[in-house]
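The values are calculated or read from the model by the stated rules, or taken from the named source; none is laboratory data. Since this is a predicted model, take the numbers as computed values, not measurements. Here the Cβ is made from the backbone with ideal geometry for all residues, glycine too, and neighbour counts use every protein chain on show. Surface areas here come from the heavy atoms of the whole protein model, side chains and all, with no ligands, DNA or RNA. Shrake-Rupley method; radii C 1.70, N 1.55, O 1.52, S 1.80 Å.
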Amino acid sequence: MEFLFSDHRLDTDRRELRRGAEAVAIEPQVFDLLVHLIESRDRVVSKDDLIAAVWGGRIVSDSTLTSRINAARKAVGDNGDTQKLIRTIARKGFRFVGEVHVAPAAAALAGAAEQSTEPARPALPLPDRPAIAVLPFTNMTDDPAQDYFSDGISEDIITALSKLRWFFVIARNSSFVYKGRAVHLKQVAEELGVGYVVEGSVRKVGDDRELADVFAVQDEITEAIVAAIEPQLFAAENFRARRKTPDSMDAWDLLMRALSHYWRVTRQDNMVAQALLEKATAIDPNYGQAFGVLATSHTFGAHMGWADMAAVTPIAERAAAAAILADSEDPWAHHALGTVYLFARRFDDSLAEFETALRLNPNFSMAQAYYGLTLSYCGRWQEAVPSVQRALRLSPHDPLAAVYCGIASYAHYVGRNYDEAMRLAREGIRQRADFVGAHRVLTAAAGRAGHNDVATAALQELRRAQPNISLDWIARQMPIRHDAEREDYLEGFRRAGLA
């Protein structure tokens with residue numbers, strides 16, 4: 001069902017609120033409150049009615065109810081002074097007084113057409129450990145530019161929880177798919193395969209809070225989550241997530257902004273992220289995570305074909321060394337050093353660094369995937385495949401999922417499983433046609449399998465995605481440990497027609 005009022009459209013099937021063509025960020029609980037008021041617009045809704053409908057009859061303080069009413073008003077462009085849509089009726093309750101038109105939901109119409117052709121996706125199985133997803137916290141300020149701050153709080157909570165080995169924590173990129181969407185928590189839990197979902201909101205008021213206060217709040221939230229799920233663990237050990245805080249909020253702000261660009265995975269955004277990270281490390285020369293992300297962004301960009309590996313390696317190596325020196329317990333620092341060692345062909349050192357990163361954060365999906373990539377380059381494809389599969393399971397909706405598919409396809413190529421390599425490469429290309437790794441494997445695998453037409457077409461697409469591709473580039477840039485496996489990979493490209 002869709003309710004149209006003012007310049008808004010509220011879709012109860014998709015659980016979306018839009019102002020014109022723009023999605024409005026709204027918490028699920030606030031969404032439910034707004035729906036109940038609109039559906040009951042022909043009468044005054046009492047406080048008890050709202051509590052029964054939205055909170056299931058649980059005890060709710062007046063301040064909580066007022067906060068949610070204010071959030072609902074803000075979401076629809078209303079406020080407590082004008083009350084043009086949500087009106088307070090003194091000593092009686094609340095009433096939605098805007099003019100409402102009702103229409104069938106677009107999702108319902110589309111669903112009727114697609115029902116016969118697309119079967120419902122089964123829910124992901126729950127892992128053998130408590131599984132948690134932390135949704136992006138809602139920015140409750142009036143400034144959309146502050147989204148990075150609420151996102152950063154969410155990311156740090158994910159990182160802190162991930163350091164606990166008894167949790168299975170969904171990676172940031174899959175959780176953040178739900179940003180700005182009022183999705184029912186049961187749906188989130190089913191889609192991500194978790195038993196617990198954490199949601200919240202952040203309101204930044206002024207600049208009078210000390211940096212330590214922000215991280216203290218994060219620690220308290222994390223402690224509360226642990227206490228709710230595993231009380232005996234909390235009783236045995238006073239939990240505090242290990243982390244080093246930067247010396248200035250400015251550096252932390254810059255890192256959070258940089259990460260928001262880095263995860264978009266484009267050449268331009270990668271360059272913007274690097275510029276922001278350079279500023280962050282100039283402000284705080286001891287900020288290990290900022291150096292770690294900076295080093296990773298350089299090696300990742302070169303691996304994507306956006307930069308020359310020989311040119312960026314010294315920059316990445318200095319940043320990775322600075323990350324380790326600043327904070328030897330930061331997973332990003334060891335991940336960064338692992339990528340530097342990989343492309344320097346220090347394979348054993350690279351594997352050791354990725355293993356350290358995963359010891360520090362067992363749910364670091366990118367480190368898990370690149371650990372699999374390094375194993376593949378070392379010819380250990382049987383170990384690489386489950387490693388990359390775990391990365392995809394940790395982050396089912398990751399922007400880097402196409403890269404992970406490319407890594408898995410290369411692992412199968414090394415194992416001479418050409419059909420599976422081609423299938424996974426095609427899946428990576430389906431997700432992101434501009435990710436070159438999957439194009440490379442598809443071309444070589446098709447050439448090796450004797451699928452000449454497929455190999456020719458794949459090579460054409462590869463050249464479009466990576467114009468500088470050549471046999472010489474592959475031999476120089478791809479750190480394949482064993483000469484025989486490098487020659488085998490090159491032979492696949494030769495058969496496809498690459499010179």
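The table that follows gives values for the structure above.
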quantity	calculated
Amide H partners (placed H, <5 Å) of Val198, local residues excluded	Ala133, Val134, Leu135
Prolate/oblate/rounded label for region 354-430 (Cα gyration tensor, a/c 1.5)	oblate
Accessible area in square angstrom per residue, region 248-357, 1.4 angstrom probe	35
Packing-based ranking, highest mean first, of 23-34, 311-322, 407-418 given that Cβ atoms within 10 Å are counted	407-418, 23-34, 311-322
Nonlocal amide H pairs with Phe168, under 5 Å, H built at 1.01 Å	Ala131, Ile132
Of Lys47/Lys74; Lys47/Lys84; Lys84/Lys179, pairs whose Cα-Cα distance is over 24 Å	Lys84/Lys179
Placed amide H near Val45: partners under 5 Å, 5+ positions off or other chain	Phe94, Arg95
Segments 424-430, 473-479, 337-343, 40-46 sorted - mean Cβ within 10 Å per residue, highest first	337-343, 424-430, 473-479, 40-46
Rounded, prolate or oblate (a/c below 1.5 giving rounded, otherwise prolate when a/b exceeds b/c) for region 296-377 by Cα gyration tensor	oblate
Ordering of 485-491, 279-285 by packing [mean C-beta count within 10 Å, highest first]	279-285, 485-491
Global geometry of region 23-65, whether rounded, prolate or oblate, following the gyration tensor of its Cα atoms and the 1.5 cut on a/c	oblate
Karplus-derived 3J(HN,Hα), 6.51/-1.76/1.60, for each residue of region 366-371, Hz, glycine and proline x	5, 5, 4, 5, 6, 5
